[in-house]
DNA sequence: GCTGTTCTTGACTGTCTAGTCCAGAACCTA
DNA sequence: TAGGTTCTGGACTAGACAGTCAAGAACAGC
């Protein structure tokens, strides 16, 4: 029928996400995104609307990928649930610590910058947090069934606590907190989980 | 000698801080800050240099006030230490939940937006976090001496965990997490502290 | 190959904004 | 009150940036 797109939408969104990620939303320039993707601005505007919508698409994709990553890390049989939980929490601490450019997580950065002014951003963030908490709760419940965490504890509440700890590690990482401190937080969080 | 300043520097910094707070650094306009303070831009630039330095001053002042607030909340005799800790953590959760405009804490917002690009911001954030952790550790140690927290636990590690939980609550609050959830996180964090 | 449609490119526009500058005001000291 | 100094206000500048647009390119169907 007509001339087809010469670019891969997902790839463009990934590049755009990286730009927003490093500079923040307000400081990101559409010209830079166009240059980084190799597209003209017309194509960008034609495909995504305006800067805000481009961000929202990139932000949503990023959050979905994040949840998917957590799912891969935590899903599985009850038997290894506690170990998966432990590995995931330590991995987040280590990844945060080794993020040299301190850009942290786009979810945190975007939410901090925009959720107060853009309900769509707040809604995506809320959904993402809820999804992660759900995955944590399932994993905690698995560990309870496997006898690694006290069965009397409320898995949802423990998951909420762990979510807060993870987001806290993220936040502290942006201040260039030492890798040791971040790891200590993760280990302490695991240590205080009620054992059977 | 010469004409004296017609404005109070601290008051101007407070107003500027509020502007940065609501919109973020990049989106804040110097013209708006000038209008909000009632000053001409010449006075603003004469007194503070440029936008970045104005922000750094406001940010530093805010962080110092924050630490001072935590100190007031947590300092005191061993006897009431645990209760002060408990009250403070619940108060942070409630304050975060009732922040209707979701602007959160300027410390978190400024750090998220700028620490990757401005070492001065990262340094202030790191100092502030360390100070708060120190205050938490002292309070935990007091509660240990008062027999409310297990004496075998490392107060610094518990303080690190609590700091992460507090920052996590802050981060989740920006996504408009329900007041109940935030309070549940705070209560769970308190519940998992090791008792004697 | 022709036609109609959609995509691409990048120059262009209008607006916004950080920072400058200067003329005059306010104040202090003597 | 005179003189020197700093402060004030706001007009001005230069550059940056989001978003538009028109001319042509690439393709599918015929």
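FYI, it's all coordinate maths here, none of it is from the lab. These numbers were taken from a predicted model, which means no experiment stands behind them. Neighbour counts are summed over all protein chains in view; Cβ atoms, including those assigned to glycine, are modelled from backbone coordinates with ideal geometry.
Give the order of B:82, A:45, A:25 when sorted by the count of other beta carbons within 10 angstrom, beginning with the fewest.
The fewest-first ordering by Cβ neighbours comes to A:45, B:82, A:25.
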Pairwise label distance in nanometres, residue A:150 with residue B:127, each label 7 Å out on the Cα-Cβ vector: 4.1 nm
The range A:95-192: equivalent-ellipsoid semi-axes (sqrt of 5 x gyration tensor eigenvalues, Cα, Å): 26, 20, 8
10 Å Cβ neighbours from other chains, averaged over peptide A:184-192: 6
Pairwise FRET efficiency - residue A:117 versus residue B:66, Cβ, R0 = 22 Å, nearest 0.05: 0.45
Spin-label zone in the range A:1-29 - amide nitrogen under 19 Å from a point set 7 Å from the Cα of residue A:43 along the C-beta vector: A:1-20, A:29
Inter-copy label distances at residue B:8 (7 Å, Cα→Cβ; nm, one decimal): 6.0
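When the gyration tensor of the range A:41-138 is built from Cα positions, what are the square roots of 5 times its three eigenvalues, in whole Å, from largest to smallest?
30, 15, 13
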The protein assembly as shown - convex hull of alpha carbons, volume per residue in Å³: 157 Å³
Per-selection Kirkwood Rh - the range A:73-127 (Cα, Å, 1 d.p.): 13.3 Å
Segment residue A:10-residue A:190, extension gain: residue separation times 0.36 nm, minus the distance between their alpha carbons: 61.1 nm
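Would you mind giving the mean number of other chain beta-carbons within 10 Å of the Cβ of each residue in A:114-127, as a whole number?
Across the residues of A:114-127, the mean count of other-chain Cβ atoms within 10 Å is 4.
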Centroid-to-centroid separation of the range A:11-43 and the range B:144-196 [C-alpha atoms, Å]: 39 Å
At 7 Å out from Cα toward Cβ: residue B:35 inter-copy label distances (nm, ascending): 3.2
Copy-to-copy label separations for residue B:119, where each label sits 7 Å from Cα toward Cβ, in nm and ascending: 4.4
All Cα pairs of chain B, percent lying beyond 30 Å: 30 percent
Alpha carbon centroid spacing (whole Å) that separates the range A:61-105 from the range B:68-110: 28 Å
